Amino acid sequence: MSTDPQPTPESRRLFPSWWDAALALVAVAMALYHLINVYFSVVGTIEHRMIHLVFALVLIFLGAAKAGKGRWFWWLMIAASLSVVAYLWINLESLLFNVGFPTILDVVVGFLVLFIVFAACWQSFGWILPSMACLLLAYGFFGHLLGGPELSVGELITTVDLTFGSYDLWGTILIISANVIFLFIFFGGMLGALGANDFFLELGKVVGRYSRSGPAMTAVISSALMGTTTGQATPNIAVTGAFTIPLMKRVGYKPEVAASVEAAASGGAQIMPPIMGAGAFVMADLLGVPYADIISAAAIPAALYFVSVAFFVHFSALKLKVAPLTEKPDRGVLLATAPLFMVPVAAILVLFFLGFPAMFAAFWGIVSLLALSLLRRRTRPPLKRVLAGCVKGAVTGAKVAVACATLGPIIALVTKTGLGMLVGYSVETWAGGSLFVALVMAMGCVIILGLEVPTVAAYLVGAMVAIPALIRLGLEPIQAHMFAFYFGAFSGLTPPVGMAAIVASRIAEARYIKTALLSIGAAVAGFLVPYVFAYNGSLLLTPGTQAGPLMATVTLVVLGLGALQMSFVGYLAHRLNLLERGLSLAAGLGLLVAAALGLAWLLVPAGGLLAGLVINNLRKRRGRAAGPDEAAAPSPAGAAASRRA
C-alpha cells in the first residue's frame with residue numbers, strides 16, 4: 001500500500017490564496033513586458049525605467065503585505081508608488097524642460113519617491129543601504145558645515161532623482177537593471193523551475209561517486225554549474241544545499257564543515273561566468289567594454305576558486321574518513337534535463353561572443369529554455385511550477401531593481417559633493433604610495449560595506465571611493481574593478497553578517513561563527529587570488545598576455561592554493577602537526593607571491609618546502625600502513641620458539 005501523502009485541496013489549487021494569484025499576475029506581467037521590450041520599445045527610455053521600477057515596488061510591497069503584518073501600510077505604499085510614478089510620467093516634459101528649477105510639488109514628489117524606494121530596499125535587504133543613502137542626503141544638506149558644497153533643497157532633490165540623467169535614481173544603474181539584470185535573474189528563476197536544477201544535482205552525484213570526497217564534491221560541482229546561471233549565492237545554497245548538506249552529514253562530515261563547503265561553493269556563483277552577479281553587468285558598463293570581455297577576464301580566476309574549494313573538500317574527506325557516496329545518479333533524469341541547461345547557456349555564450357547586446361542573449365536564453373522544456377513530456381512542467389519560477393525570478397529581480405534605484409542617489413551625491421574624490425585621494429595618501437596597502441584598504445572597505453548590502457552596492461561604492469586610487473597607483477581598470485567585485489562577492493561569507501554562511505548553517509543546524517570561519521578557509525582563493533591578479537594581470541587575460549607565462553602563473557597558483565588548504569585542513573595523506581601546518585602555510589603564500597610578482601628565486605625555497613612536506617607526509621602514511629603488518633608478523637625468536645613447541 002502506498003504511503004505517499006495524498007494531495008490536499010490546497011495543493012491542487014493553482015493559487016493557494018488570492019495573494020499568490022496577485023503576485024503571479026504582477027510577476028507574469030513584469031516578465032512579459034521586459035521580454036517584449038527587448039525587440040519592441042513600447043515606451044521611451046525614461047518611461048521604461050519608470051515601468052520597471054513601479055513593477056518592482058508593487059511586487060515587493062505585495063510580498064510584504066502577504067506576510068500579514070501592517071497590511072494597510074503596504075497597500076498605502078503600493079498606492080503611493082503608482083501615484084508618484086504617474087505624476088512624474090505626466091509631468092516628464094516640464095520636469096526635463098525646467099530641470100534645476102523644481103516646483104514645491106515637484107520637490108514633495110521627489111522626496112516621496114526617495115522614501116518609497118528606500119522603504120522597499122529596507123524591506124528587501126535590511127537597513128544598511130538605505131541608511132547609507134540617508135546619511136549622504138544629510139551630508140548634502142549640512143555638508144557645507146564640514147567644508148563641502150552648500151546645496152539648496154531644490155538643487156539636492158534635482159540632483160538625486162529629478163534629472164533623469166546618468167547619475168541619479170533613474171540613471172545608469174537602473175537602466176542596466178531594467179535592460180539586462182532583470183532578464184538574467186528571471187532566466188535563473190525559470191531555469192530552476194523547469195528542471196535544470198535536477199541536472200546540476202544528478203551530475204554532481206556522478207562526480208561525487210568517483211571522488212573520495214563524495215557528496216562534498218557533489219556540492220562543489222552542482223554549485224559551480226548552478227552559479228553559471230544564477231549569479232547569486234543564497235538561492236544557490238537554498239537549492240543545492242537542501243540536498244548536499246544532509247548527505248554530507250550522513251556520510252560523516254561535521255555540520256559546520258558541511259555548511260562551510262556549501263557556503264563556499266555557492267559563494268562562487270557570483271564570480272562564475274557566464275551569468276555572474278549583477279555587479280558584473282555594471283562593471284561592463286563602467287569600463288565601457290562588451291560583457292564578453294568580463295566573462296573572459298573572470299574565467300581563469302573562477303576556475304582557480306573552485307579548484308581551491310575542491311582541495312578543501314578532498315583534504316577534509318581524508319581527515320574525517322568519510323564514507324563513500326552510495327547514492328546512485330538517475331541517468332534518465334540526467335540525460336533528460338541536460339539540454340535544459342546546456343542549450344540555453346550555450347546560446348547565451350555564443351550571442352555574447354558574437355557581439356550581441358546582453359539583453360538579446362538573455363531573451364534567447366529564456367526562449368530556448370521554455371521551448372526545450374515543452375518539447376518532451378518528461379520535462380514538460382505543470383503550469384503551477386512555471387508560475388512559481390516566474391514569481392521567484394521576478395521577485396528576486398525586483399529586489400535587485402530597488403537596490404539599484406537606491407544606489408542612484410548615493411552615486412549622485414558622492415559625485416556632486418566631491419566626497420568620492422576626497423575619499424579616493426585620502427586612500428591614496430593613507431597608503432603612502434604603496435599599492436599593497438591601498439589594496440588592503442580597498443578590501444576592508446568593500447567587505448565592511450558588503451556585510452548586509454547586495455554585492456552590486458558594495459562593489460559600486462568601492463568603485464567610487466577606492467578604485468580611482470588603485471588605478472592611479474598603477475593597476476589597469478579591469479584589475480581594479482575585478483578586485484573590488486571579488487571582495488563584494490565574498491563578503492557574504494564573512495562574520496558578523498555573512499548571509500551565505502547564515503543560510504548554510506541554518507540548513508545544517510550548525511554553529512554560525514564556526515561555519516563562517518571554516519567558509520573563509522574553504523574560500524581562501526576568493527580572498528587571495530585577487531591580490532595575484534592585481535599584480536599579475538595575465539590571470540585576467542589583459543592585453544599582452546602570453547600562453548607560456550600564463551600557464552606558469554596558473555600552475556603556481558594551483559600549487560599555492562593546494563598548500564594553503566593543506567595547512568587550513570591539517571591533512572594530506574596523513575595528519576599534519578602544528579609545525580607542518582605552519583610550513584605549509586608559508587610554502588603556499590610563497591608560491592602565490594612568486595606567481596603575483598614573478599619572483600623566480602622564490603620558487604626554490606617555496607617549492608622545495610612544499611615538496612619536502614609532501615614527501616614526509618607520504619612517508620608517514622606508509623609507515624602507519626606498514627605498522628600493523630610489522631606488528632602482526634612474528635619475530636625470528638618467536639618463530640623459532642614456535643617451531644620448538
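Couple of notes before you dig in:
- Only Cα pairs under 8 Å and 6+ residues apart enter the sum, and on that basis the relative contact order of the chain stands at 17 percent.
- Carbon + sulfur, % of accessible area of the chain - ligands and nucleic acids excluded, 1.4 Å: 69 percent
- Using alpha-carbon coordinates, inclination of helix 435-449 to the longest axis of the chain, degrees: 70 degrees
- Over segment 252-403, accessible surface divided per residue gives 38 Å², non-protein components excluded, 1.4 Å probe.
- Tensor-based shape of segment 233-273 (alpha-carbon gyration tensor, a/c under 1.5 rounded, otherwise prolate or oblate): prolate
- Ranked order, Cys390, Cys134 - accessible area, probe 1.4 Å, largest first: Cys134, Cys390
- The alpha carbon gyration tensor of segment 552-627 gives principal lengths a ≥ b ≥ c with a/c of 1.5 or higher and a/b greater than b/c, which makes the shape prolate.
- Applied to segment 290-299, the Karplus parametrisation 6.51 cos²θ - 1.76 cosθ + 1.60 on θ = phi - 60° returns per-residue 3J(HN,Hα) values of x, 4, 4, 5, 5, 4, 4, 5, 7, 4 Hz, with x for Gly and Pro.
- Protection proxy ranking, peptides 247-259, 116-128, 596-608, average beta carbon neighbours within 10 Å, highest first: 247-259, 116-128, 596-608
- Separation in nanometres of the label points that stand 7 Å from Cα toward Cβ, at Ala242 and Ser152: 5.6 nm
- Three-way shape label, segment 68-157, alpha-carbon gyration tensor, a/c 1.5: oblate
- Relative to one another, the C-alpha centroids of segment 138-179 and segment 231-293 are positioned 34 Å apart.
- Distance-filtered residues of segment 70-96 - backbone nitrogen under 16 Å, label point 7 angstrom along Ser17 Cα→Cβ: 70-75
- Neighbour net charge for Leu540 - beta-carbon separation under 14 angstrom, K R +1, D E -1: -2
- Candidate values (i) 26.5; (ii) 28.8; (iii) 25.7, label of the one derived for Kirkwood radius over Cα pairs in Å: (i)
- The mean accessible area for residues of segment 78-123, using a 1.4 Å probe and ignoring ligands and nucleic acids, is 55 Å² per residue.
- Taking the longest Cα principal axis of the chain as reference, the axis of helix 182-193 is set at about 50 degrees.
- This model, with +1 at the C-beta of Lys and Arg and -1 at the C-beta of Asp and Glu, gives the chain a dipole about its Cα centre of some 3080 debye.
- Each of Arg511, Arg506 has its accessible area taken with a 1.4 Å probe; listed largest first, they run Arg506, Arg511.
- In the context of the full protein assembly, Phe352 retains an accessible surface of approximately 10 Å², using a probe radius of 1.4 Å and ignoring ligands and nucleic acids.
- Peptides ranked, highest mean first, by Cβ atoms within 10 Å: ranges 153-161, 402-410: 402-410, 153-161
The values are calculated or read from the model by the stated rules, or taken from the named source; none is laboratory data. Predicted model only: the values in this text are computed from it and were never measured. Glycine also receives a Cβ, built like all others from the backbone with ideal geometry; neighbour counts cover every protein chain displayed. Calculation scope for accessible area: heavy atoms of the full protein, side chains included, ligands and nucleic acids excluded. Shrake-Rupley method; radii C 1.70, N 1.55, O 1.52, S 1.80 Å.
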